[in-house]
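Visitor: Handing you this structure, nothing more for now.
The values are calculated or read from the model by the stated rules, or taken from the named source; none is laboratory data. These numbers come from a predicted model, not from an experiment. Using ideal geometry, Cβ is built from the backbone for each residue, glycine included, and neighbour counts are taken over all protein chains shown. Remember, those area values only see protein heavy atoms, side chains included, never the ligands or the DNA or RNA. Shrake-Rupley method; radii C 1.70, N 1.55, O 1.52, S 1.80 Å.
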Amino acid sequence: MADPEVNLTKNYDAVIIGSGAAGGMAAHVLTSHGLQVLLLEAGKKLPIEQELRSMEWPYDNAQRGALPPNSHSLSFNEYTIRNPPYGAGFEKAKKLYSYIGDTDYVKNIVVDERENPFSGTNYAWVRARCLGGKTNIWGRLALRLSDYDFKAKDRDGYGENWPISYSDIAPYYDKVDLYLGITGVKENLPYLPDSIFQRPTKLNCAELTLKQSLQKMGRVVTQYRAGVTSDGLKHNKYRSRCYGRGACERKGGCDIHAAFDSPTGLIYPAMDTGNLTLRTNSTVREITVDSNTGKASGVHFTDSQTMKDYHVKAKVVVVAASTLESARLLLLSKSHLYPNGIGNSSGHVGHNFCEHVMGPGVAGRAKDLVGKPPTLDDGRPGGFYLTRFRNLAEKHPKFIRGYGFEGGSGSTMFPRGADVHGFGASFKEEVRRNQGAYIGMGAFGEVLSRYENYVDLDPVVKDKWGVPALRFHYKFGENEHRMAEDMKETAQEMFEAAGFEIMHVSDRVLTEGWSIHELGTARMGNDPKISVLNQFEQSHDVKNLFVVDGSAFVNASCQNPTWTIMSLCWRSCDYLADELKKGNL
């Protein structure tokens with residue numbers, strides 16, 4: 001699906017900036033309403049199946065799946081001891097990637113840190129500039145939020161409530177479930193609503209042991225709720241159902257597209273309507289404004305390869321560039337009407353930045369599985385999810401909000417436990433005997449939304465295209481560190497209660513940004529003085545400007561955000577199309 005020659009003289013109904021989960025969903029919904037839409041993506045369209053190669057065995061890869069020798073991926077220690085912009089000290093590396101870019105399978109998906117610098121406080125910023133963005137490599141956990149999240153202020157008095165309730169978004173969660181497919185098991189939990197699930201994967205022996213043990217503690221382990229179609233989707237010719245094969249544990253997507261990705265799930269079907277025009281290699285640097293009406297008039301962008309500048313007009317501008325890039329673009333779009341950046345009369349663009357804190361977790365061994373025949377656990381899109389249990393019925397004395405755990409066990413393409421000491425035949429036998437017995441899990445906790453955690457524009461540092469870089473002013477606070485202590489303690493307690501031998505307990509808090517769940521830089525709200533968008537992700541200041549990605553979140557919750565981003569986007573784009581037809585935009 002090569003790019004057609006794009007007509008930039010046309011006044012499109014809508015221009016969408018970004019092609020990830022939000023941009024793809026906006027394209028799907030707006031084209032289904034008959035709008036003529038232009039989708040701009042800063043990166044290229046990759047032959048993604050050739051990149052991912054999820055059936056390739058490690059021994060068939062020249063570097064056993066590792067990066068080529070002239071490339072380097074930042075480690076936790078390097079994020080800790082070095083300051084952004086990252087690059088100094090890595091002169092021998094021709095290419096420099098974030099921590100996610102540590103395999104041969106994603107090196108062309110994530111960005112080169114030197115070409116895309118940022119400054120300020122330490123941050124592990126993972127970016128993917130290509131068609132589909134980070135949906136090409138996302139972790140696939142697809143969870144709903146509940147009124148425990150949307151109305152969290154009512155429960156603990158902190159922050160702001162969302163201007164919506166679960167009942168407002170529930171029908172759109174259903175639409176996303178049915179259009180894209182999700183696998184899981186119903187649990188009937190008020191704080192983690194169920195989806196319309198397709199056939200679930202099965203928990204293996206060690207995971208079932210943990211589930212049964214935690215039931216006695218009133219805690220819930222459920223199958224990994226994955227944005228994967230296990231039964232297939234009759235309405236989508238670009239995606240296959242999951243066959244349970246391939247190295248799903250790799251930091252890489254799904255080359256048969258059973259796992260959701262934006263191009264095959266949303267963009268290609270939208271192109272089939274005849275209403276979508278796609279232009280890749282288009283780095284948007286400014287949202288332009290009609291000085292007479294104050295409305296957005298279109299966008300100014302640079303061709304990422306030729307460096308030529310272009311402008312395109314649209315009746316509505318939809319920003320879906322991912323939370324931090326969207327904030328950057330709003331701040332870049334300054335004019336005499338909007339001297340602090342478009343849509344920023346509140347001064348809140350870039351602020352209230354939040355995500356998930358990671359690091360604490362536990363690794364154990366189910367001794368009764370040592371020496372047992374290996375099981376086939378490779379093709380599962382995930383293992384288990386241990387749901388939130390803190391600050392539900394009872395208040396914790398040390399912190400507010402909650403956390404959940406993601407984990408897994410079983411035999412994989414590259415065996416667990418290969419880091420044990422040994423050599424030769426006895427070493428190999430030790431790995432074989434134990435590889436299916438290991439089980440591990442790591443926590444994801446809510447980072448509180450705080451005005452003082454923010455990003456702005458660096459006055460000096462620019463990217464490869466001459467666009468001012470983002471500058472971070474962001475650190476975890478006391479609540480996150482107290483929560484992390486509890487994560488470590490409860491993880492060990494739960495594994496011990498299940499009878500697992502404890503191999504390792506992690507208490508380190510990973511660098512800010514590690515979760516890749518950045519949220520909240522243009523939050524929604526009813527009060528234009530303390531929020532950027534209304535409940536339909538429409539700018540309070542500029543009525544034909546919508547920001548439909550994670551920027552709109554009021555808080556992070558402890559659930560992974562992708563399914564909520566797409567559900568909110570669908571709702572907002574239904575509203576956008578209706579308002580446009582009424583002539584209100």
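Visitor: Please name which of Phe150, Ser167, Tyr79 has its Cα lying farthest along the dipole of the chain towards the positive end, using unit charges on Cβ (Lys, Arg +1; Asp, Glu -1) and the Cα centre as origin.
Guide: Ser167
Visitor: Go through 496-508, 39-51 and give me the packing order, highest mean Cβ count within 10 Å leading.
Guide: 39-51, 496-508
Visitor: Near the amide H of Leu510, under 5 Å away, which other amide H atoms are found, from residues 5 or more places off or on another chain, if H is placed in the peptide plane?
Guide: Under 5 Å from the amide H of Leu510: Met358, Gly359.
Visitor: Let me ask something additional. Among all the lysines, which ones have a C-alpha under 29 Å from Lys186's C-alpha, if same-chain residues fewer than 8 places away are not counted?
Guide: Partners within reach: Lys134, Lys151, Lys153, Lys175, Lys202, Lys211, Lys216, Lys234, Lys237, Lys251, Lys395, Lys488.
Visitor: Give the separation of the Cα centroids, segment 528-566 to segment 1-79, in Å.
Guide: After rounding, the separation between the Cα centres reads 23 Å.
Visitor: So who's got an amide H within less than 5 Å of the one on Asp13, skipping anything under 5 residues away but keeping other chains? H placed 1.01 Å off N, in plane.
Guide: Gln36, Lys315
Visitor: Kindly rank 101-109, 415-423 from highest to lowest mean number of other beta carbons found within 10 Å of each residue.
Guide: Descending packing order for the listed peptides: 101-109, 415-423.
Visitor: Leaving out ligands and nucleic acids, and using a 1.4 Å probe, what accessible area per residue does the chain come to in Å²?
Guide: I get 38 Å² per residue for the chain.
Visitor: List the trypsin sites (Lys or Arg not before Pro) in segment 521-565 that DSSP assigns to loop (not H, G, I, E or B) and whose Cβ has at most 14 other Cβ atoms within 10 Å. Which are they?
Guide: Taking segment 521-565 and a limit of 14 other Cβ atoms within 10 Å, the loop trypsin sites (Lys or Arg not before Pro) found are Lys529.
Visitor: I want the antiparallel fraction of DSSP beta bridges within the chain, as a percent rounded to 5.
Guide: 65
Visitor: Let me ask something additional. Which peptide among 256-267, 87-98 comes first, and what is the full order, when sorted by highest mean count of other Cβ atoms within 10 Å?
Guide: 256-267, 87-98
Visitor: Sequence-distant or interchain residues sharing an amide H contact under 5 Å with Ala226, placed H: which?
Guide: Ala142, Thr183
Visitor: Charges at C-beta only: +1 for Lys and Arg, -1 for Asp and Glu. How large is the resulting dipole of the chain about its Cα centre, in Debye rounded to 20?
Guide: Charge dipole, the chain, about its Cα centre: 560 debye, nearest 20.
Visitor: Got a number for carbon plus sulfur as a percent of the chain's accessible area, 1.4 Å probe?
Guide: With neighbouring chains kept in place, the figure for the chain is 50 percent.
Visitor: Here is a follow-up. Work through the residues other than Leu470 whose Cβ is under 12 Å from its Cβ and net out their charges, Lys, Arg +1 and Asp, Glu -1. Each step should come with its number before you reach the end.
Guide: Working: positive: Arg127, Arg328, Lys462, Arg471; negative: Glu325, Asp456, Asp458, Asp463, Glu518.
Once positives and negatives cancel, what remains is -1.
Visitor: In deg cm²/dmol and to the nearest 500, what is the mean residue ellipticity at 222 nm of the chain if only DSSP H runs of at least 4 residues count, each as -39500 (n - 2.57), divided by the residue total?
Guide: -6500 deg cm²/dmol
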